[in-house]
Every structure is written in C-alpha cells, then in structure tokens.
Amino acid sequence: MDGRSVVNSDNRLRLRVLGPFQVQAAGGDAIALSGGRKVAALLCILAAEPGRRAARDRLASLLWDGRFEEQARQSLRQALSALRRDLEASGAAALEIGREHVALGDIDVDFAEFEAALARGNKAAAAALVRGDFAESIEIDSPAWAAWRDDVRLRLRPGVLAAFEGGARDAASDAERLAAAERMLAIDPLNEVAIQIALPVIAKTQGASAAAARYDEFVGRLRREKGRAPLAETEAIYAYCTRAKLSAAPSTAAR
C-alpha cells in the first residue's frame, strides 16, 4: 500500500496520474516529455475521459483557455506532434491521433486500474495506486483546465476514501493501518471513520496523551467548521483509548 512503482513486463508504457505525473517506459524509467506541462495535462485529460478519448476541440479549449480558437488548435497540433515523437521513441503506439479525436492507445493507465480495482472490490489494490491528488504536479495557465482537474478530484474522492478505508481494515500492521487513516484525513480532515481508525493505533503506539491531543484537535476543528460534536461512536472509541490497555481496542478498523 506504499504506492511503489509498478514495472511493466512487456513493452507497454505506463501513465501515472494519481499523484505526481509520470510516464514510465517498460523497465520503469521515467520518460521526459519535450512538450512540457501542457503535454502532461493533455495526457491527464485523456486518462480521465470516458474511453480514454477526447475531442480535439475539447482538448484545445481546456488547455489553451483564453486563446482564439485557431490559435488554440494550432497549439494543440504542435503539442500532439511533440508528444507523438516522445512516445513513439519508446517503441509503443501509445497515442492515437485522428482528425477530430485523440485517444490513448497501447499504454497502461493507473486511473483506469484504480477504477477497475474498486469495481472488483479490491480496495487494497486501489489504494496502492493512489500516490496523491489527481494530476498533482501539473499547473498550467488555463482556468478551464484547473476547473476540470478539480472536478475530477471531487469525483474521485469517495472512491479514494473507500479504498484507504478498506486498506486500513485489511492492514497487517498498526503502521499500515495508521498510514491509511492518515491518508484519509489528509483528503478529508473531518472524516470520522478515519479518526476512529487512527485513535486506537495512536494510543497503542504513542500513548493515551497523544491520542487525547489528536482527538482534541479533531473535535475542535469539527466544532469550528461543522458546528457539531463528534459521533457517539467516535466519543466511545476515544474514551476507551484513554482508559484501557489497547492490545485489543474496539477499533472500526478491526471490524
């Protein structure tokens, strides 16, 4: 569940967009793209679009927001030419460019693998693919791109949280369980399932005072931002953590 790189066994490229952007060759080495961040953003769009396919007009409007239509289309043509050269140098037909549409071809994509793992119910495998936010390292001068990227992140959020929750419940160690809970809290700082998972591990490994401090921090933020107290189950787990030895704490992660 540490998000380590997956190395291909054949000549297929691998596109990684769930976290820092990367295109990997079959052996796992990163491939440099001469087109810069806009080319990377273009690949992120294709990775997240249905069928890994997008209309050229859509790509141009998302990536070159604010330019005249013909200027945007010309910029897209140049970016596609540079991208095709970069990818074909690896020996794989990873990009399909048509008159009206662009699609990903012979390339593995972590976004698609994540969705497939969730559909199979394999939450641990899904969690292992998430290294950070979608298109985490890509910033370009296009408000349309930023709005689209944020919408994709919002759409992914429930699945990512479910993946890390499943990973926490199936974790083989306290360290893995806490790491998964912390990833959930990084995405949603007021996630009560995550704090319920984290508190027993913190109490067990760091002591009751550390669990109390973490609980107080969580409750304070919950009251400030949501105007409510924690759930009764959260309060019960906290109470247990601060009064009992935690060799077998009643954590939600153990259910």
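The values are calculated or read from the model by the stated rules, or taken from the named source; none is laboratory data. All values derive from a computational prediction rather than experimental measurement. As a convention, Cβ positions derive from the backbone with ideal geometry for all residues, glycine included, and neighbour counts pool all protein chains shown. With ligands, DNA and RNA removed, areas are computed over all heavy atoms of the protein, side chains included. Shrake-Rupley method; radii C 1.70, N 1.55, O 1.52, S 1.80 Å.
Tabulated results
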item	result
Amide H contacts under 5 Å for Leu95, placed H, 5+ residues apart	Gly105, Asp106
Per residue value of the accessible surface for the chain (all protein chains in place, 1.4 Å probe), Å²	48 Å²
Ranked by how many other beta carbons lie within 10 Å on average, peptides 178-189, 86-97 from highest	178-189, 86-97
Rounded FRET efficiency, nearest 0.05, which uses the C-beta distance separating Glu115 from Asp29 and R0 of 22 Å	0.25
Charge dipole (debye, nearest 20) of the chain; +1 at Cβ of Lys and Arg, -1 at Cβ of Asp and Glu	360 debye
Rg and Dmax [Cα atoms of the range 119-255; Å; Rg one decimal, Dmax integer]	16.5, 54
Beta bridges per DSSP with both ends in the chain, % antiparallel, nearest 5	80 percent
Principal-axis tilt of helix 208-226 within the chain, Cα atoms, nearest 10 degrees	60 degrees
Hz values of 3J(HN,Hα) by residue in the range 104-114 - Karplus curve (6.51, -1.76, 1.60), Gly and Pro given as x	7, x, 7, 7, 8, 10, 5, 4, 5, 5, 4
Computed Kirkwood radius, in angstrom, where 1/r is averaged over Cα pairs of the range 71-141	14.6 Å
Percent carbon-and-sulfur accessible area, the range 8-164, ignoring ligands, DNA and RNA, probe 1.4 Å	48 percent
Volume per residue that the Cα convex hull of the chain spans, once the total is divided by residue count, Å³	137 Å³
The range 174-233 - Kirkwood radius from inverse mean 1/r over Cα pairs (Å)	11.6 Å
Cα gyration tensor shape for the range 1-122, rounded if a/c is under 1.5, else prolate or oblate	prolate
